[in-house]
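Worksheet: the structure to be examined is printed underneath.
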Amino acid sequence: TIIEKVKTKVPEMLHGTIDSVFTAGSQKGEDLMQRAQEFARQAKDKAGEYADKAEDWAEDTKDKAEDIVKNMGDKL
């Protein structure tokens, strides 16, 4: 609808150029959407990696704390 409205305001010899401009714009929008989706996927993967590392760190810290408490109990 917008393209047709624009075409009514310019000479007919420019209609092909207008079609090209709007088509290129939609392709750029699709490229941008694909890049945004890829970024979101990568961010999700990284978040998962950090969550796994945090879980491992918490487990190690818990084990060390238990060892410290056990050693303190053995000394008492």
message: Only four residue types carry charge here, +1 at the Cβ of Lys and Arg and -1 at the Cβ of Asp and Glu. Report the dipole size of the chain about the Cα centre in Debye, rounded to the nearest 20.
response: 560
- prompt: Looking at the chain, how many pairs of lysines come closer than 28 Å at the Cα, when each pair is eight or more places apart or spans two chains?
  reply: 15
message: Which one, ALA51, GLN37, ILE68, projects farthest toward the positive side of the charge dipole computed for the chain from Cβ point charges (K/R +1, D/E -1)?
response: GLN37
message: What is the angle, in °, between the Cα long axis of helix 15-75 and the longest principal axis of the Cα atoms in the chain? Nearest 10 is fine, range 0 to 90.
response: 0
statement: Computed on Cα atoms only, the convex hull of the chain has an orientation-averaged projected area in nm² of 7.4
statement: With a 1.4 angstrom probe the carbon and sulfur portion of accessible area for the chain, in percent, totals 60
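The values are calculated or read from the model by the stated rules, or taken from the named source; none is laboratory data. Since we're looking at a predicted model, the values are computed, not measured. Here Cβ is always computed from backbone atoms with ideal geometry, including for glycine, and neighbour counts include all displayed protein chains. The area values use the complete protein model at the heavy-atom level, side chains included, leaving out ligands, DNA and RNA. Shrake-Rupley method; radii C 1.70, N 1.55, O 1.52, S 1.80 Å.
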